[in-house]
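In what follows, a single structure is set out as structure tokens and then discussed.
Just so it is clear, none of the values below were taken in a lab; they were calculated from the coordinates. Just so you know, these numbers come straight off a predicted model, no measurement behind them. In this analysis, Cβ positions are derived from the backbone assuming ideal geometry, glycine residues included, and neighbour counts consider all displayed protein chains.
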Amino acid sequence: MLKKISYLLIAPVLLFSCGGGEAADGVTDADSTLQEVVENVEDETDKTPKPPKSPRLQATGIADGVQVDVDFGSPYVKGRTIWGDLVPYGKIWRAGANDATAITFAANVKVNGANVAAGTYALFVTPKENADWTITLNEEWSKEIHGVWGAYDHKPEKDVLNFDVTPIFTENNVESLTFAVTETGVSFAWEKAIFDFTVAAQ
């Protein structure tokens, strides 16, 4: 690409030195060609894909001998008030951005002590003010397979597990939403809130 642009930038100079003609309005062939090159370069620049505002990330690891994967959209704080504002209290939330957060267990597990079969589930969170937060695992996690997007299409009858966690608020700001798989389970951090839950082999 750089070679192509360099050649096109040099070409008008060679054309001009070889006696490129001048149009009636005083614009030379070299000027016209140079303008086309600049426009082409600008077009190529415009086509450069911009990074997503909330990139799709994956957290993967082994918890108590079981492979666990979390697929989530990671939004940024960007100086906003998150809890109770951008993410309302008392309302089920996708635990990320865009598509629902999905968690996959490679084998049957116990999540916070409750049996959960191997497979993939949507992971939702319901934040609450001055109270424990509720974690929900739901059978429907895919836009393509189940026709769900985020938590907007959440069907309570498809829930396989609901349990509470106690969030901890720290002084440190975690700018981008993060999940991590640890030796004992899954942890979450965004803005100043963190929580975790256990995952163990059955």
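What are the residues in the stretch 165-202 that are surrounded by 15 or more Cβ atoms within 10 Å (Cβ to Cβ) and of a type in the set (Asp, Glu), if any?
Glu191, Asp196
Sort out which residues of the stretch 94-121 are free of Cβ contacts under 8 Å to residues at least 60 places away in the same chain, surrounded by 13 or more Cβ atoms within 10 Å (Cβ to Cβ) and over 15 Å from the mean Cα position of the chain (by Cα), and write them in order of number.
Thr104, Ala106, Val116, Ala118, Gly119, Thr120, Tyr121
Determine, yes or no, whether Ser187 is farther than 18 Å from Tyr89 by Cβ, without any contact (Cβ under 8 Å) to a residue 12 or more places away in the chain and among the polar types (S, T, N, Q).
yes
Could you list all residues from the stretch 149-184 that are in contact with a strand residue (DSSP E or B) (Cβ under 7 Å, 6 or more places away or on another chain) and closer than 16 Å to Ile92 by Cβ?
Hits for the stretch 149-184 are Ala151, His154, Lys158, Asp159, Val160, Leu161, Asn162, Phe163, Asp164, Val165, Pro167.
Being of a type in the set (Gly, Ala, Ser) and under 17 Å from Asn115 (Cβ atoms) is true for just one of Gly185, Gly147. Which residue is that?
Gly185
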